[in-house]
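One structure below.
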Amino acid sequence: MAITVTDEIEKKSLLIGYKWNINKRSLKAFAKKSGAGDGGGGYMAISFKEEFEDDPYMAVELGIDINQFPDNQVLLNAAPPAAPVEENLYLNFDEFYAYLVEVVNERIAETPSDKAEYEHLLSEVKTALGL
């Protein structure tokens, strides 16, 4: 069963580890309030509450009580070797969006020609999150 992360250092570590999964594909998924993982490794994934409501088995598998999962949060689940033990990190939509902006700015710095597309995708995510 996963432990819930509350330690700021571990939170930062998980977010650094997940940032390599933030790309155009994942942003398109987030704009539909659909999660995105590590491309098949199964070690890290962002999920929305709606996904657990659609697939209750997934919630049971991760030890999540969907009645305790606020509507305005995402879940970052990390399993070894991405984390020392299976961990769940909850981020409210404001925190999640700020994190996405930070990572997308890094992507834009790497590939300035993609700026317009990334900004458009961020705008779609922001709308989907109701921010």
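The values are calculated or read from the model by the stated rules, or taken from the named source; none is laboratory data. What you are looking at is a predicted structure, and each value in this text was computed from that prediction instead of being measured. All Cβ positions, glycine included, derive from the backbone under ideal geometry; neighbour counts span all protein chains shown.
Things worth noting here:
- Residue within region 5-14 that is assigned to a loop (DSSP other than H, G, I, E, B), within 25 Å of Glu117 (Cβ to Cβ) and out of contact with any Ser or Thr (no Cβ under 8 Å at 6 or more places or on another chain) present: no
- Hey, Asn77 polar (S, T, N, Q) and surrounded by fewer than 18 Cβ atoms within 10 Å (Cβ to Cβ) or not: no
- Positions within region 25-58 being part of a loop (DSSP other than H, G, I, E, B), in contact with a strand residue (DSSP E or B) (Cβ under 7 Å, 6 or more places away or on another chain) and either at pLDDT below 90 or under 17 Å from Leu89 (Cβ atoms) (or both), in sequence order: Gly35, Asp38, Tyr43
- Residues located in region 80-100, provided they are at pLDDT 95 or above and surrounded by fewer than 14 Cβ atoms within 10 Å (Cβ to Cβ): Asn92, Asp94, Ala98
- Any hit, region 114-126, residues being among the hydroxyl-bearing types (Ser, Thr, Tyr), surrounded by 13 or more Cβ atoms within 10 Å (Cβ to Cβ) and either out of contact with any Phe, Trp or Tyr (no Cβ under 7 Å at 6 or more places or on another chain) or under 16 Å from Tyr18 (Cα atoms) (or both): yes
- Failed item, numbered, when Pro81 is tested on (1) part of a helix (DSSP H, G or I); (2) farther than 24 Å from Asp114 by Cβ: (1)
- Answer residue from region 80-95, given it is touching a residue at least 60 places away in the same chain (Cβ under 8 Å) and not charged (D, E, K, R) and is nearest to Lys11 (Cα to Cα) among those: Leu89
Rundown of residues vs (1) within 15 Å of the chain's Cα centre (by Cα); (2) closer than 12 Å to Gln73 by Cβ, yes/no style:
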| position | (1), (2) |
| --- | --- |
| Tyr90 | yes, yes |
| Phe93 | yes, yes |
| Leu100 | yes, no |
| Asn105 | no, no |
| Asp114 | no, no |
| Ser123 | no, no |
| Lys126 | yes, no |
